[in-house]
Amino acid sequence: MRKELKKFIMYVIFVFVTGFSAFFYYGYYQSSQYDDSVIPYIQKVLPELSTWDTEIVKQYMAPEVLQTVTTENLQDIMKALAQIGELQSIDKMKFKKKATGRADDLVQQPVITYIVNAHYSTGEATVTLSLLDKGGVYEVYHFNFESEALFQ
């Protein structure tokens, strides 16, 4: 009985370690598919988004997203985010996940999400950028800025 329990525990540990390893390998694999193209895109688009200019932001947003938000709402969002200040530097970028999003032709397309640590004139900010992948051409699908400056 004791030998069977030991085998069972070893089997459970093996399954857990294998599953855990596969999970991290899959995340690394997805990240390696996008790092070479998405990181330069983020380095280009984040300074543009950080101008807090609604018209500039609209140039980078996916048309599908722009259909869901009014210009006035986007202006309000940019006005609020402007409290973060001027972008000083972009630090670490990390792949978060790959999901799917709907496009205007109702074909599911990859949405690639990265977490970016950036420094603004008011301090550090964590930026979450989700990009719609249209065959290697990216459009901003979603963005979120977390900064102490927004809570003052």
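The values are calculated or read from the model by the stated rules, or taken from the named source; none is laboratory data. In this text the structure is predicted, and so the values were computed from the model without any measurement. When we count neighbours, we look across all protein chains shown, and the Cβ atoms used for this are built from the backbone with ideal geometry, even at glycine.
The set of residues in the range 110-136 that are in a strand (DSSP E or B), closer than 19 Å to ILE84 by Cβ and β-branched (Val, Ile, Thr) comprises ILE115, VAL116, THR126, VAL127, THR128. None of GLU148, GLU64, GLU55, GLU86 is in contact (Cβ under 8 Å) with a residue 60 or more places away in the chain, out of contact with any helix residue (DSSP H, G or I) (no Cβ under 8 Å at 6 or more places or on another chain) and surrounded by fewer than 19 Cβ atoms within 10 Å (Cβ to Cβ) except GLU64. Residues in the range 125-141 that are touching a residue at least 24 places away in the same chain (Cβ under 8 Å), under 16 Å from MET93 (Cα atoms) and surrounded by fewer than 17 Cβ atoms within 10 Å (Cβ to Cβ): 1 in all.
The condition of being among the acidic types (Asp, Glu) and either touching a helix residue (DSSP H, G or I) at 6+ places or on another chain (Cβ under 8 Å) or at pLDDT 95 or above (or both) does not hold for ASP76. Residues that are more than 18 Å from GLU139 (Cβ to Cβ) and surrounded by 17 or more Cβ atoms within 10 Å (Cβ to Cβ) within the range 35-52 comprise just one, TRP52.
When you scan the range 6-21, do you find a residue that is surrounded by 13 or more Cβ atoms within 10 Å (Cβ to Cβ) and modelled with pLDDT under 95, even just one? No: zero hits. The residues in the range 125-152 that are over 12 Å from LEU49 (Cβ atoms) and of a type in the set (Phe, Trp, Tyr) can be counted, and the count is 3.
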